[in-house]
Structure formats: structure tokens, C-alpha cells
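Presented below is the structure to which this report refers.
The values are calculated or read from the model by the stated rules, or taken from the named source; none is laboratory data. Keep in mind that this is a model prediction, so the values were computed, not measured. For neighbour counting, all protein chains shown are included, and Cβ atoms are generated from backbone atoms with ideal geometry for every residue, glycine included. For accessibility, only protein heavy atoms count, side chains too; no ligands or nucleic acids. Shrake-Rupley method; radii C 1.70, N 1.55, O 1.52, S 1.80 Å.
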Amino acid sequence: MTRIEQRFAKLRSENRAALVPYVTAGDPEPAATVPLMHALVKAGADLIELGVPFSDPMADGPVIQKACERALRYGTSLRDVLGMVAEFRKTDVETPVVLMGYLNPVERMGYQTFAEKAREAGLDGLLTVDLPPEECDDVAGLLENAQIAPIFLVAPTTSDERIAHVARAARGFIYYVSLKGVTGSQTLDTSALAARLEAIRQHTDLPLGVGFGIRDAATAGQVARVADAVVVGSAIVRLAEEFDGDPVGFAHAASEVVAGMRVEMDRVRASGVEASV
Amino acid sequence: MSKIDWAAFPDARGHFGPYGGRFVSETLMGALDELQKAYEQYMGDADFMAELDHDLKQFVGRPNPLYHAERLSKELAGAQVYFKREDLNHTGAHKVNNTIGQALLAKRLGKTRIIAETGAGQHGVATATVAARLGLECVIYMGEEDTRRQTPNVFRMRLLGAEVVAVKSGTRTLKDALNEAMRDWVTNVDDTFYIIGTVAGPHPYPAMVRDFQAVIGREARAQHLEMTGKLPDALVACVGGGSNAIGLFHPFLDDESVEMIGVEAAGAGIESGRHSAPLCAGQPGVLHGNRTYLMEDEHGQIVGTHSVSAGLDYPGVGPEHAWLKDTGRARYVAVTDDQALEGFHRLTRTEGIIPALETSHAIAHVLELAPTMRPDQSIIVNLSGRGDKDLNTVAEREGITL
Ligand SMILES: Cc1ncc(COP(=O)(O)O)c(C=O)c1O
């Protein structure tokens with residue numbers, strides 16, 4: 001079993017949903033990232049999504065755009081980010097780490113080189129927002145060999161036919177983008193979510209994560225009722241802007257947000273609602 | 001090389017060899033499928049094509065002339081130079097050929113809101129114009145730096161009823177305007193049609209915009225045959241995203257004797273690093289929905305570009321050009337800001353035509369190319385736009401206050 005599979009199996013046996021914070025690597029400064037990852041795990045994170053800064057983050061709203069710009073002040077590169085994963089792995093061999101970003105930095109490094117380096121670093125998954133399954137033939141085999149799960153998105157606009165297609169290519173988990181828009185958009189409507197996740201489950205046994213628009217503990221709790229994983233990005237990254245120049249303060253504030261969500265998500269699940277997988 | 005069946009490209013998934021494709025976030029995949037279906041359906045629909053032809057004739061003013069620049073040709077003492085007068089189109093550039101077509105598609109699809117990115121503002125003006133005519137809401141994204149360089153066009157767009165959003169992220173130029181337009185589209189995908197202004201972006205845009213612009217080459221080919229009884233020896237066009245160039249080139253792809261030359265912006269000089277010439281000095285990568293030549297650093301970050309002309313100031317290029325370069329069917333050169341300014345003045349003084357700064361790059365190359373050819377040979381240059389919008393830039397560079 002891969003680290004991601006182990007993590008979801010364990011959570012399922014405990015009737016808990018995974019809490020997945022997203023942070024942009026190198027934001028607000030490169031030295032802050034690994035300690036931040038450990039702090040998030042301590043606060044209750046089950047899996048970490050580490051953003052690879054990109055000059056043109058087309059699918060992101062202003063909060064993560066600015067995070068990329070802060071990280072790029074220091075020239076944080078994909079190579080650096082893999083170094084951070086390796087550093088994190090020295091003291092945490094259980095928490096899965098997934099990179100989230102755009103294709104070009106990976107393409108520039110070379111898929112073969114990326115797969116080898118990512119494996120050495122102890123990376124578990126790769127989500128490239130601008131790489132749909134149709135275009136991933138070149139990459140899929142290399143990732144598979146390196147045991148890196150290709151993670152794909154499903155959107156509110158994804159047809160049933162495409163969901164089946166995505167499900168065939170996906171490993172690890174499937175990330176349901178809970179609203180039309182960029183990251184950090186308006187708050188999510190949880191009522192329609194359950195039905196939508198049910199429809200996706202017709203096509204896959206993979207765990208379903210939900211992200212985009214989850215900004216407080218109450219929403220995280222509602223999503224945890226129906227999803228296998230809750231992804232929180234802008235609500236955390238927003239704090240990096242507030243604490244620019246104070247990485248310790250940022251880690252502290254981010255941990256508080258994560259801890260609050262953890263408590264609410266576990267409370268909701270424990271209050272009798274069965275996990276849906 | 002002659003064995004390539006050019007009409008077979010792109011393939012069903014939008015690939016020109018290794019280039020092109022559809023690299024976008026999942027939310028847009030459905031909308032792109034819908035667009036592709038509509039485009040394929042209507043390009044074969046007699047009513048749609050009749051409406052398009054009618055608008056190109058009655059609203060845009062097509063066909064525009066193929067003008068034999070006799071005085072310039074004589075001065076250059078080489079090949080005969082012909083200009084395809086896209087500057088005479090309504091709104092002053094080739095951009096309107098495409099916006100007319102896409103706006104008609106938007107109407108067929110029942111979309112009520114139009115968005116677009118713009119660099120020089122020509123595509124923004126052409127979009128705002130067709131939106132006004134069809135009564136559609138219109139939002140134009142333009143880099144803040146470009147709103148400063150191209151103030152007359154910003155005002156024109158506002159007069160036409162468009163909302164112009166000055167984009168303040170990244171390098172504040174065309175690429176950032178495109179990012180912002182994509183973000184808008186992802187958010188408002190149900191009622192919004194995104195009119196991309198060049199042959200870039202995800203499939204089907206590069207093919208669709210090419211097909212709308214190919215009217216340039218079809219007319220020019222027929223006009224040249226009629227005027228001279230033969231095909232031209234060379235075609236020259238400036239390349240930003242590459243739409244005016246592909247529009248001219250495409251109908252000639254099977255004419256093996258016709259050489260094709262795309263002219264990129266070398267800005268302050270290729271060696272300076274301050275340029276916008278991905279085909280001449282970049283390498284393949286993925287940006288804005290397609291794989292193509294890009295200007296990027298060793299880590300795959302897109303780097304800032306520079307050109308005196310806002311419409312060429314872009315780090316990528318349409319994927320079909322990447323393919324034409326690799327196959328050797330077209331070749332690409334670059335000219336500097338200073339050379340472009342020389343081309344600008346030379347055409348203005350010799351032929352009484354004030355060209356856009358984008359177009360001036362193509363002219364600058366012809367000043368070098370024509371003298372190397374014989375007087376019985378000919379070159380068609382795409383005169384992609386007129387220079388009114390650039391008067392401030394030219395004056396400023398030359399220390400003149402208007
Ligand atoms: C007059 C003119 N020519 C050329 C261009 C460059 O675009 P493309 O390479 O798509 O023709 C522009 C873009 O704004 C333009 O306004």
C-alpha cells in the first residue's frame with residue numbers, strides 16, 4: 001500500500017475525514033516551509049498539499065497569486081520544493097505529501113528527472129491543475145513507476161462521461177473542485193455537494209477530497225460529513241500575507257485554523273453520521 | 001517535408017505535432033468541448049457562413065486591397081513588395097476578422113457576456129465593437145502597463161461600452177491579461193464567451209482563430225494571382241501570438257515555392273534578454289492552455305518580455321507556428337525596437353501609410369529581404385494594422401510632446 005492508501009485506510013477505520021491543508025512552498029520564505037509542515041501535522045493535518053510557486057497561476061485567485069509572488073521573491077523552484085519534501089521526510093515518514101501546481105516547471109525539469117527526484121524525496125502525489133487526463137499519457141507511466149499518484153480534479157462542469165475518464169487515470173484520491181471559479185472564491189454551497197459526490201462515487205472507489213471555498217471550521221465540518229477529505233487553501237495562505245516577515249507567527253496562526261477544523265470535522269463525524277465510503 | 005498533409009492539422013485533440021493541445025483546469029474542459037462542437041458545426045453551416053461573409057463585407061469592408069508598393073519596391077531595388085491592407089478594415093487591424101466570427105458563435109450559443117484579453121488594444125477594440133453591435137455585455141482585460149502605452153484604445157473601448165479592467169498582477173502586460181481573462185471565464189463559464197485574440201490558448205482556439213483569419217491569405221492569394229499571374233515568392237508577417245501571420249500563411253501551405261517568414265520582436269536585442277521572441281530564442285513548454293515555444297527561465301517560470309509594441313509583448317506564440325518552425329515550412333526572424341521604428345518611418349514617408357508598431361516589425365524585415373531578391377520576384381507583407389494608436393509611443397521615444 002502507498003502512503004496515501006494507508007492514510008485513507010486508517011482514517012476510514014476511525015470514521016474520520018482527512019484534513020488537507022494547502023500551503024505554497026517558499027511562502028513567506030523558503031526556510032519557513034518545513035517547520036510549517038510539521039506544525040500543520042501536529043495541529044491535525046492528515047496529508048499536506050504543497051504548492052509549487054508559478055509565475056502565471058491562472059487557476060488561482062489573488063490570495064494564492066500573491067503567495068506565489070512572495071515565494072518567487074526568493075526564487076523558490078521545483079528543485080527547492082522537492083528538497084523541502086526530502087527534509088520533511090527525515091522526521092515524518094507517515095504523512096503523505098502531494099505537490100500542487102502547474103505543468104511547466106515539471107515539464108522544464110523533465111518528466112523522467114522529476115519522477116526520479118520526487119521518489120527520492122519521498123513525494124506521494126502530483127496534482128497539476130493544467131494537465132487533464134487527456135494530455136497525461138507521457139507522464140502517467142513515469143509517475144506510476146515512481147509510485148507517485150497522479151491526482152486529478154473533477155469540477156461542477158464535468159460530465160458523467162468525463163468523470164469516468166478521470167477516474168480511470170486517477171490514483172490516490174480525486175479532488176472535487178466544489179465551485180466554479182478560481183481558488184479563494186466565494187463560500188461553498190454544501191447542500192448540492194452530497195449528491196454530486198454520490199454521482200462521482202458511481203465511477204470510482206478512490207477517496208474523494210473536496211476543496212475551493214472552505215474557509216472556516218463550520219464549513220469544514222459540513223464537508224467532512226460527506227467527503228473523505230477536506231482541502232483548505234486560501235483560508236490558510238491568507239494568513240501568510242498578514243504575517244509576512246513573521247514565519248513563526250504564521251505557523252502559529254495556521255495551526256490554529258487547522259486545529260479548529262480538526263475538532264469540528266471529528267465532532268461531526270462522531271455525532272453519528274457514517275462515513276459514506 | 002513536402003509529404004506533410006497540412007490540412008490534417010491539428011488532430012482531433014488539437015495537436016500540431018507535439019504542440020497545441022488542451023492544458024486547462026478541469027472546470028473549462030466542458031466549455032471547450034461545447035465550443036469545439038459549435039465551431040465544427042457552424043463552419044460547415046451555410047447560413048452561418050453566409051452571415052459571416054455578409055458581415056465581413058458590409059461591416060468590416062472586405063475584401064481589402066493587395067497594394068503594390070511601387071515606390072518602396074523601386075527604392076529597395078529588389079523584389080516587388082505587396083501589402084495586404086488589413087489596416088483598412090473597420091477598427092484598423094486584422095483582429096476584427098476573428099472577433100466577428102467568434103461573436104457570431106457566441107450569439108448562436110446563447111451567451112450574453114463577452115470577455116477578452118488585449119495587449120495593444122486592437123483586439124479589445126475589435127471585441128468591444130462587435131459586442132456593441134450585437135448588444136452583448138463586454139469586459140476587456142488589459143495589463144496596466146499596456147493601458148498606459150495605448151490610452152487612445154482604452155478610451156475607444158470605453159466609448160464602445162466595454163468595461164476595461166487594468167490588470168495589476170505579474171508583469172502587467174498581455175500574458176497577465178490572459179491569466180485574468182481565464183480566471184473570469186472559469187468563474188462565469190455558464191453565460192460567458194471568451195474571445196481569444198490570437199492563435200494561442202487551448203484547443204479549439206488556435207484552429208478556430210486561424211480559420212477566421214485565413215480569409216487574409218485566401219484573398220491575398222487570389223489577388224496576387226490576378227494581378228501578376230503567379231504566386232508570390234515570399235510571405236512576411238509579424239508574430240505576436242501569430243494570428244495575422246497564420247491568417248496569411250495558411251492558404252499557401254501547399255504552395256511549396258512560397259517561402260514564409262514570421263517576424264518576432266527582438267526588443268532591445270536578443271542578446272540583451274529583453275525581447276519577445278520565443279520562436280527565435282525560447283524553448284517548448286506549456287502555458288495558457290497549449291504546448292508551444294515560450295520564454296522561460298531554467299526553472300520553468302515565465303520571464304518578463306519586452307517590445308516597443310504592446311501587441312508583440314508576449315512570452316508565447318501560437319502552437320501552429322511552433323510546428324511550422326520545427327518542420328521547416330516557415331522560418332522565424334526577429335527585429336529590434338529600433339529597426340521597427342525605422343520600418344515605421346520608412347513606410348510612412350515612402351508610401352503614405354502609417355503602420356502599427358507591430359506591423360512595422362514585418363516591414364523592417366522586408367527592408368532587408370527585398371534587396372536580396374530579383375525584381376521579377378514578389379513578397380506579400382501583411383499590413384496587419386494602422387498606426388494611429390502608436391502615435392504617443394513614437395512621439396515619446398523621439399522626445400516629442402503631443
Ligand atoms: C496591428 C497588429 N498586428 C499584429 C498584432 C500581433 O498579434 P498576432 O501575432 O496575433 O497577429 C497585433 C496585436 O495586438 C496588432 O494589433
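Results, tabulated for the structure shown:
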quantity	calculated
Inter-residue pairs, beta-carbon under 9 Å, first at the interface with chain B (Cβ under 9 Å from one of its Cβ atoms) and free of Cβ contacts under 8 Å to residues at least 40 places away in the same chain and in segment A:59-88, second of a type in the set (Phe, Trp, Tyr) and open to solvent by less than 20 Å² (accessible area, probe 1.4 Å), 6+ apart	A:Leu78/A:Phe114
Failed criterion for A:Thr95 (all others in (1) part of a helix (DSSP H, G or I); (2) among the polar types (S, T, N, Q); (3) over 23 Å from B:Asp297 (Cα atoms) hold)	(1)
Positions within segment B:1-19 being over 15 Å from B:Gly328 (Cα atoms) and at the interface with another protein chain (Cβ under 10 Å from one of its Cβ atoms), in sequence order	B:Arg13, B:Gly14, B:His15
Matching residues, segment A:102-135, being surrounded by fewer than 18 Cβ atoms within 10 Å (Cβ to Cβ) and within 16 Å of B:Gly289 (Cβ to Cβ)	A:Glu134
Qualifying residue in segment B:80-99 (condition: in a helix (DSSP H, G or I) and more than 14 Å from the ligand (Cβ to nearest atom))	no
Counted residues, segment B:220-243 - those being within 15 Å of B:Val381 (Cα to Cα) and within 16 Å of the ligand (Cβ to nearest atom)	8
Segment A:149-205, residues that are of a type in the set (Gly, Ala, Ser) and in a strand (DSSP E or B)	A:Ala149
Filter result (more than 14 Å from every other protein chain (Cβ to nearest Cβ) and within 14 Å of the ligand (Cβ to nearest atom)) within segment B:103-118	B:Ala116, B:Thr118
Every pair of residues 6+ apart whose Cβ atoms lie under 6 Å, when the first sits in segment B:113-141 and is on the phi > 0 side of the Ramachandran plot while the second is of a type outside the set (Val, Ile, Thr) and not in a helix (DSSP H, G or I)	B:Gly121/B:Gln150
Checklist (1) of a type in the set (Ser, Thr, Tyr); (2) under 18 Å from the mean Cα position of the chain (by Cα); (3) within 14 Å of chain B (Cβ to nearest Cβ) applied to A:Thr2, failing item	(3)
Test: residue in segment B:202-217 that is part of a loop (DSSP other than H, G, I, E, B), touching a Phe, Trp or Tyr at 6+ places or on another chain (Cβ under 6 Å) and not basic (Lys, Arg)	yes
Residue selected from segment B:218-245 under the condition small (Gly, Ala, Ser) and surrounded by 24 or more Cβ atoms within 10 Å (Cβ to Cβ), by the criterion farthest from B:Gly78 (Cα to Cα)	B:Gly241
Search result, residues across segment A:130-161 that are more than 16 Å from B:Val186 (Cβ to Cβ) and among the charged types (D, E, K, R)	A:Glu134, A:Glu135, A:Asp137, A:Asp138, A:Glu144, A:Asp160, A:Glu161
Some residue of segment A:191-206 being touching a residue at least 60 places away in the same chain (Cβ under 8 Å) and closer than 24 Å to A:Tyr102 by Cα	no
Filtered residues of segment B:259-286 (kept if within 14 Å of chain A (Cβ to nearest Cβ) and under 13 Å from B:Gly240 (Cβ atoms))	B:Pro278
B:Gly121 vs. criteria crowded, with 20+ Cβ neighbours inside 10 Å and within 12 Å of the ligand (Cβ to nearest atom)	yes
Residue under evaluation B:Val189, criteria (1) closer than 25 Å to B:Thr305 by Cβ; (2) within 14 Å of chain A (Cβ to nearest Cβ); (3) more than 13 Å from the ligand (Cβ to nearest atom), criterion not met	(1)
B:Leu248 open to solvent by 10 Å² or more (accessible area, probe 1.4 Å), within 16 Å of the ligand (Cβ to nearest atom) and within 13 Å of the chain's Cα centre (by Cα)	no
Residues of segment A:13-40 that turn out to be more than 15 Å from A:Glu87 (Cβ to Cβ), open to solvent by less than 10 Å² (accessible area, probe 1.4 Å) and under 15 Å from the mean Cα position of the chain (by Cα), as a count	6
Criterion: of a type in the set (Phe, Trp, Tyr), more than 14 Å from chain A (Cβ to nearest Cβ) and open to solvent by 50 Å² or more (accessible area, probe 1.4 Å) - qualifying residue of B:Tyr82, B:Tyr42, B:Tyr67	B:Tyr67
Single residue of segment A:161-175 satisfying the filter (open to solvent by 10 Å² or more (accessible area, probe 1.4 Å) and touching a helix residue (DSSP H, G or I) at 6+ places or on another chain (Cβ under 7 Å)) that is farthest from A:Gly125 (Cα to Cα)	A:Arg162
Search result, residues across segment B:86-124 that are within 17 Å of B:Asn244 (Cβ to Cβ) and among the small types (Gly, Ala, Ser)	B:Gly92, B:Ala93, B:Gly101, B:Ala116, B:Gly119, B:Ala120, B:Gly121, B:Gly124
Criterion: within 14 Å of another protein chain (Cβ to nearest Cβ), touching a residue at least 40 places away in the same chain (Cβ under 8 Å) and within 13 Å of the ligand (Cβ to nearest atom) - qualifying residue of B:Gly385, B:Gly289, B:Gly316	B:Gly316
Filter pass, A:Ala218 being of a type in the set (Gly, Ala, Ser), under 24 Å from B:Ala31 (Cα atoms) and over 17 Å from the mean Cα position of the chain (by Cα)	no
Which listed residue, of B:Arg374, B:Arg349, is more than 16 Å from the ligand (Cβ to nearest atom), part of a helix (DSSP H, G or I) and over 17 Å from the mean Cα position of the chain (by Cα)	B:Arg349
Test: residue in segment B:165-176 that is more than 16 Å from the ligand (Cβ to nearest atom), in contact with a helix residue (DSSP H, G or I) (Cβ under 9 Å, 6 or more places away or on another chain), open to solvent by less than 30 Å² (accessible area, probe 1.4 Å) and over 18 Å from B:Glu358 (Cβ atoms)	yes
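For (1) of a type in the set (D, E, K, R); (2) open to solvent by less than 10 Å² (accessible area, probe 1.4 Å); (3) at pLDDT below 95, each residue gets a yes or a no:
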position	(1), (2), (3)
B:Glu259	yes, no, no
B:Val263	no, yes, no
B:Ala268	no, no, no
B:Gly282	no, no, no
B:Val286	no, yes, no
B:Leu294	no, yes, no
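Conditions (1) more than 20 Å from the chain's Cα centre (by Cα); (2) among the basic types (Lys, Arg), marked per residue:
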residue: B:Tyr19; (1), (2): no, no
residue: B:Gln36; (1), (2): yes, no
residue: B:Glu51; (1), (2): yes, no
residue: B:Lys74; (1), (2): yes, yes
residue: B:His94; (1), (2): no, no
residue: B:Leu104; (1), (2): no, no
residue: B:Lys107; (1), (2): yes, yes
